[in-house]
Amino acid sequence: MGADLQRIDDATALPEPPSPCALVIGNFDGVHRGHAMVLREAASIARERSLSASVLTFDPHPAAVVGSGAPAVLATVERRAELMGELGVERMWVRAFDRAFASWAPERFARDLVARCLGARLVVVGQNFRFGARRAGDLALLRRLGAELGFDVYVHAIASDARGPYSSTRAREAIAAGDLDEATHVLGRAHELSGTVVVGDRRGRTIGFPTANVASISEMLPPDGVYAVRVDRVDAGVARPLAGGVTNIGVRPTVNGRARTVETFLFDYEGDLYGAALRMHLVARLREEQRFADLDALKAQITRDCAEAWPDDGLDIQDSFGQYLGN
């Protein structure tokens, strides 16, 4: 998490009203390149006006309650807080989105939450912003309410490139297609998978490639296949670089696997990772998952995958693994 960012899940529980703020409202589910431009701009305006740079976001995604279902996760709430802090946001308000909140009239949303609870003096929204029950509130109404309640409204421009606007939908489409270059371009960083190392079947160590079996992943998975990754270990919310590696996502057809797993072989690492929280940055897609004739053929391909993933690391692949990675 950003060093100075404060996350607040229940504004109504605060003992006193917060300091006046510049409030950016949105889901920010990817904190992608377009989001970053808006948040940096809002933070700059907040400093100029002596306001705190704040964000109002929602959990779960509103589409999970009033739409066709929540879209695939690009970044967890915790990761969004971390990324926003790095962009200059000082406070992130996370409003639980449920059916009761979805029924609020636009006037109540602006009066009780935006103005009274959050102390907004400037509200920053996108050009297609709608708010309140059945999305009845539009920009014209928000401006009228702001004039009554004491906040200005700033509508930010849509950031785009030659392919179109940066958006979470565009990032998801790229990840679903296995196009990590496009996903990285839209997000402004490699797509990440985070989870906890659990006990696997320990088969990897029998062929010289023990892997960390990472479970409880919330973020959107790319297509099954083999990926070059950089891995962080996350302790108490702080991520520290751990190692480069190769991750297999899929059902492991060579060993007649059935359940989908995410398994990572780490270069030049020794230590016990059971129970550790890892964050894997997907750097490149190497190939599709495939079935091999036997374990020797699989081992030979993994060696080639490692060399392709990090050709400049100068690693001795066979001597680079520890004893207790996971599998």
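The values are calculated or read from the model by the stated rules, or taken from the named source; none is laboratory data. Since the model is a prediction, treat every value here as computed from it, not as a measurement. Glycine gets a Cβ as well: all are built from the backbone with ideal geometry, and neighbour counts include every protein chain shown.
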Counting just the residues of the range 156-185 that are hydrophobic (A, V, I, L, M, F, W, C) and touching a strand residue (DSSP E or B) at 6+ places or on another chain (Cβ under 6 Å), which one comes out nearest to Ser54 (Cα to Cα)? Ile158
Checking Thr12 against (1) outside any helix (DSSP H, G or I); (2) hydroxyl-bearing (Ser, Thr, Tyr); (3) over 29 Å from Ala162 (Cα atoms); (4) touching a helix residue (DSSP H, G or I) at 6+ places or on another chain (Cβ under 8 Å): exactly one of these is not met. Which one? (1)
Scan the range 244-272 for residues that are crowded, with 21+ Cβ neighbours inside 10 Å, more than 16 Å from Pro223 (Cα to Cα) and either basic (Lys, Arg) or out of contact with any Gly (no Cβ under 6 Å at 6 or more places or on another chain) (or both) and jot them down. Gly244, Gly245
Output the qualifying pairs, or none if there are none: Cβ atoms under 9 angstrom, residues six or more apart or on different chains, first residue in the range 57-73 and under 17 Å from Ala176 (Cα atoms), second residue of a type in the set (Gly, Ala, Ser) and assigned to a loop (DSSP other than H, G, I, E, B). Val73/Ser218
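Quick one: is Ser194 within 21 Å of Glu41 (Cα to Cα) and either at pLDDT 95 or above or of a type in the set (A, V, I, L, M) (or both)? Before you say what the answer is, go through the steps one by one.
On the way: within 21 Å of Glu41 (Cα to Cα): no; either at pLDDT 95 or above or of a type in the set (A, V, I, L, M) (or both): yes.
Spelling it out, it is not the case that Ser194 is within 21 Å of Glu41 (Cα to Cα) and either at pLDDT 95 or above or of a type in the set (A, V, I, L, M) (or both).
For the range 33-53, check the following and say yes or no: at least one residue is among the β-branched types (Val, Ile, Thr) and without any contact (Cβ under 8 Å) to a residue 40 or more places away in the chain. It would help to see each step written out before you state the result.
Here is the first cut: in the range 33-53, the ones among the β-branched types (Val, Ile, Thr) are 38, 45.
Applying the additional criterion that residues be without any contact (Cβ under 8 Å) to a residue 40 or more places away in the chain yields none.
No, the range 33-53 contains no residue that is among the β-branched types (Val, Ile, Thr) and without any contact (Cβ under 8 Å) to a residue 40 or more places away in the chain.
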What number of residues within the range 212-243 satisfy the criterion of being in a strand (DSSP E or B) and within 12 Å of Leu278 (Cα to Cα)? 17
Please find, within the range 137-175, the residue that is farthest from Ala105 (Cα to Cα) out of those that are of a type in the set (A, V, I, L, M, F, W, C) and exposed (fewer than 13 other Cβ atoms within 10 Å of the Cβ). Ala162
Give the residue that is farthest from Gly188 (Cα to Cα), with candidates limited to residues of the range 15-48 that are out of contact with any helix residue (DSSP H, G or I) (no Cβ under 6 Å at 6 or more places or on another chain) and part of a strand (DSSP E or B). Cys21
Per the filter on the range 244-294, residues outside any strand (DSSP E or B), in contact (Cβ under 8 Å) with a residue 40 or more places away in the chain and of a type in the set (A, V, I, L, M) are Val255, Leu273, Ala276
